[in-house]
Amino acid sequence: MRYYQKYLWKCYDSTLYALINRNRTLALTVCNFYSLLAGLWSLTYEQELTTPLHITAGRGFADCLKLLLQRGANVDLAPGGTTALHEACENCQPECTKLLLIHGANANAVSEDGLMPLHVCTSPESLECAKYLLQYGAAINGRTNDENDTPLHVAARNGLSDHTELYLRYGATVDKRNDEGLSPLNAACSQPQEAQDLQRYFKVCQMLVGAGADVHTTDQDKHTPLHMACKNVNPDIVDMLLANGACVNNMDYGGEAPMHNILKVVCYKISHHPERIVRALLNHGSIRVLKHCCESPHTIEVLLNAYSHLKVTDTWVEAVSAEMFKASVLNCQLMGLTNVNKYF
């Protein structure tokens, strides 16, 4: 019996796939035949990595899925570590997702990898699946087993603005941290972003901050969202964080401020307009650059001349020791620079 069961399940996917686009009636007949077999075996052969239910749910064959469910297929069976509901959500099949939930699928079933169905909604096309899951009781703050991520972490990390808006509307906690100390805002800022992704991530961060996310939250390495937004060169996010009180001079465990992060990548992210970030940090009082440039008056001159709206604060003076100040003034005089007080 097990030999034939294994053989028939192996043939099921290829047979159904070939028929579904050619002859819908015949495909339903095949599906009906397999549903009878499923009823006989109750779909309990757990050595198999898939079942007819998983295949139809993942491929979006809603009619066949409905037949299987009507024939009594076990809706929460997970022989390969995932349920059919995981398959439907991961493959962005909202009609199948709804069918499974109507027939009693557990919206909070945990896969072998420690993921609930909401955690596998990782693309824009999975939005309708996420809506159905929440309507049928999915835990909005459910955690993954490996990193303790919430669905909001997943949405933020993938730059999913519509998912983010949906989860916040359902009461997602905006500042929950995962095992790495990342809040959803940290997760969004820390994700590498191509030029075409910048606006998606900015919109996500804007929503999170608007919902009360803490712009000062740090991860295990004391990276703030501003550190990571500078590293991944998203000028709009940087501007938004600064406007909401992010500190330009906070240092991580490595002793680096946000300015260090942007200066390391300016040559590799020209299309992201890194000069906007450098300007913004300087205009908000970044002093770390001055510490590295204080022995080079010409460099300071370039900085001061390059930014007509540069905000010079008293903290700049504190960044340079008295000895270094005197030496720098002397260097300026020796090099023939006039009006030294303009720079110091």
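Rule-based calculations on the coordinates, nothing more; no lab input. Computed from a predicted model, the values in this text were never measured in an experiment. Cβ sites come from the backbone with ideal geometry, for glycine too, and all protein chains shown count toward neighbours.
A few points about this structure:
- Residue separation of ASN108 and ALA327 scaled by 0.36 nm, minus their Cα-Cα distance, works out to 72.2 nm of gained length.
- Normalising the average separation of contacting C-alpha pairs (under 8 angstrom, six or more residues apart) by the number of residues puts the relative contact order of region 143-289 at 19 percent.
- Label-point separation, GLN196 to ASN249 (7 Å along Cα→Cβ), nm: 4.2 nm
- Mean separation of Cα contacts under 8 Å, 6 or more apart, over the residue count of region 67-146: relative contact order %: 30 percent
- Using θ = phi - 60° and Karplus 6.51 cos²θ - 1.76 cosθ + 1.60, couplings along region 191-197 (whole Hz; Gly, Pro as x): 7, x, 10, 7, 4, 6, 9
- Approximate spin-label separation ASN141-CYS267, in nm, with each point projected 7 Å along Cα-to-Cβ: 4.7 nm
- Rounded to the nearest Hz, the phi-derived 3J(HN,Hα) couplings of region 274-286 under the Karplus curve 6.51 cos²θ - 1.76 cosθ + 1.60 (θ = phi - 60°) are x, 4, 5, 6, 4, 4, 5, 5, 5, 5, 9, x, 5, where x marks glycine and proline.
- Ranked by how many other Cβ atoms sit within 10 Å of their own Cβ, fewest first, the residues VAL75, VAL266 fall in the order VAL266, VAL75.
- Between LEU49 and ARG169, the FRET efficiency estimated from the beta carbon spacing at R0 = 45 angstrom works out to 0.80.
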